[in-house]
Amino acid sequence: MPSKDKVAFFYDGDVGNVYFGPNHPMKPHRLCMTYQLVLSYELQKKMEIYRPHKAYPQELAQFHSADYVEFLHRITPDTQHLYAKELVRYNLGEDCPVFENLFEFCQIYAGGTLDAARKLNSKQCDIAINWAGGLHHAKKCEASGFCYINDLVLGILELLKHHTRVLYIDIDVHHGDGVEEAFYFTDRVMTVSFHKYGDMFFPGTGDVKAIGEREGKYYAINVPLKDGIDDASFTRLFKTIIAKVLETYQPGAIVLQCGADSLAGDRLGCFNLSIDGHSECVRFVKKFNLPLLVTGGGGYTKENVARCWTVETGVLLDTELPNEIPDNDYIKYFGPDYSLKIQNGNVQENLNSKSYLSSIKVQVMESLRCIQHAPGVQMQEVPRDFYIPDSDEDEQNPDERVDQHTEDKQIQREDEYYDGDNDNDHTMEDAL
């Protein structure tokens, strides 16, 4: 059945050419794999595909400090040895390395989320997807957990120009700390994060008792989970909490971060979610029929990330996809079964007891009861759009449709792919 919603999909093939380094678990080529899989299922025929504009420094500085943005713009692998103090100050190094075209990478993924928010604000679409976005750890003045620019905060700020209240939902295995921190003192954004907590797991924040402060008290919701949570436990808790959040908070728009490192078998994750369980959360949020901005996030077993985000693109288009993966440029990486839905391999023990999950649910519901029904935030005058300088003649039009046969067929680079764990990615502990 065709989707009744108008869906906009943002993608720039250049984002997949970025290389964090040989031992780094973040592999942007997963975005090329996702896009090719989306094309192989012919989903582009059911939505509008746009190449995002590259976000301008002044746009990035709507949240980030101008000095930090300027440093990201200036630093290169060849010059970083000259800036030892600044690298420490801005937290650039092993987890957040300086690599070729770092700033352009940030401009592309942040531009996609900004364009997605603007399409929603102008009612040109009902759902906007930017799988390159969702880098939720970046702070105002520093990088963190593989994230440099927090595109989610920028997208939410854009949505706040047209909506009194915005709801942020995060199903990445890691706590959405950067987004929570940005809006910790306001009731105009409610942040809801479902994540692994404890055992020194990155980033170490996201206790159920962290609920916001001042005007933002009770508007930060944290659902801390233990290793091994499965589909049934996760989706039951997710639906119960999100339904109550929607009833209580009544947002005008939703931003959903779909980090795929919460899938079973992720190289840095520790949950037991299947793609069906993960995508059920997307399906549930879609049913509320509110303007919806969907992003990616973490995810370090690349072929499963591509599977997951392709299935979820189908969910957002009300399209059930055949399990047999059609031929595409990356088909060999989906072997030996070449199936969209994968069987969970080494299932971890579920350490989330019924009593523990019940206790978390009770505490979250108690916080929500402290909120007056549909909080009376006065709609302030909607600010004018950010000043955007005239683009150079060779700049892409933000709304230019992508020709799938041009530059988006990115072929893998051999130094980025791995056999098993040969690139030692499993030694990296911090992640999205």
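The values are calculated or read from the model by the stated rules, or taken from the named source; none is laboratory data. Just so you know, these numbers come straight off a predicted model, no measurement behind them. Glycine also receives a Cβ, built like all others from the backbone with ideal geometry; neighbour counts cover every protein chain displayed. Ligands, DNA and RNA are excluded from the accessible area calculation, which covers all protein heavy atoms including side chains. Shrake-Rupley method; radii C 1.70, N 1.55, O 1.52, S 1.80 Å.
Some values worked out for this structure:
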| quantity | calculated |
| --- | --- |
| Candidate set: segment 112-146, residues that are of a type in the set (A, V, I, L, M, F, W, C) and part of a loop (DSSP other than H, G, I, E, B); chosen: the one most open to solvent (accessible area, probe 1.4 Å) | CYS141 |
| Counted residues, segment 282-297 - those being polar (S, T, N, Q) and either in contact with a strand residue (DSSP E or B) (Cβ under 9 Å, 6 or more places away or on another chain) or outside any loop (DSSP other than H, G, I, E, B) (or both) | 1 |
| Residue tally, condition out of contact with any Gly (no Cβ under 8 Å at 6 or more places or on another chain), in contact (Cβ under 8 Å) with a residue 40 or more places away in the chain, within 20 Å of ILE156 (Cβ to Cβ) and of a type in the set (A, V, I, L, M, F, W, C), over segment 42-68 | 2 |
| Residue match in segment 86-95 (condition: of a type in the set (A, V, I, L, M) and open to solvent by 40 Å² or more (accessible area, probe 1.4 Å)) | yes |
| Any chance ILE149 is touching a helix residue (DSSP H, G or I) at 6+ places or on another chain (Cβ under 9 Å), surrounded by fewer than 24 Cβ atoms within 10 Å (Cβ to Cβ), in contact (Cβ under 8 Å) with a residue 60 or more places away in the chain and not acidic (Asp, Glu) | no |
| Failed condition for GLU181, given (1) free of Cβ contacts under 8 Å to residues at least 60 places away in the same chain; (2) under 18 Å from TYR50 (Cβ atoms); (3) under 19 Å from the mean Cα position of the chain (by Cα); (4) open to solvent by 10 Å² or more (accessible area, probe 1.4 Å) | (2) |
| Those residues of segment 27-41 which are in a loop (DSSP other than H, G, I, E, B) and open to solvent by 10 Å² or more (accessible area, probe 1.4 Å), in sequence order | TYR41 |
| Yes/no for PHE238 being in contact (Cβ under 8 Å) with a residue 40 or more places away in the chain, buried (at least 20 other Cβ atoms within 10 Å of the Cβ), part of a loop (DSSP other than H, G, I, E, B) and of a type in the set (Phe, Trp, Tyr) | no |
| Residue in segment 162-172 that is modelled with pLDDT of 95 or more, part of a helix (DSSP H, G or I) and either surrounded by 24 or more Cβ atoms within 10 Å (Cβ to Cβ) or out of contact with any helix residue (DSSP H, G or I) (no Cβ under 7 Å at 6 or more places or on another chain) (or both) present | no |
| Filtered residues of segment 305-343 (kept if in a loop (DSSP other than H, G, I, E, B) and open to solvent by less than 60 Å² (accessible area, probe 1.4 Å)) | LEU317, ASP318, THR319, LEU321, ILE325, PRO326, ASN328, ASP329, TYR330, GLY335, LEU340, ILE342 |
| Selection count where residues are open to solvent by 30 Å² or more (accessible area, probe 1.4 Å) and touching a Leu at 6+ places or on another chain (Cβ under 9 Å), scope segment 42-56 | 1 |
| Failed item in (1) outside any helix (DSSP H, G or I); (2) open to solvent by 10 Å² or more (accessible area, probe 1.4 Å), with LEU157 passing the rest | (1) |
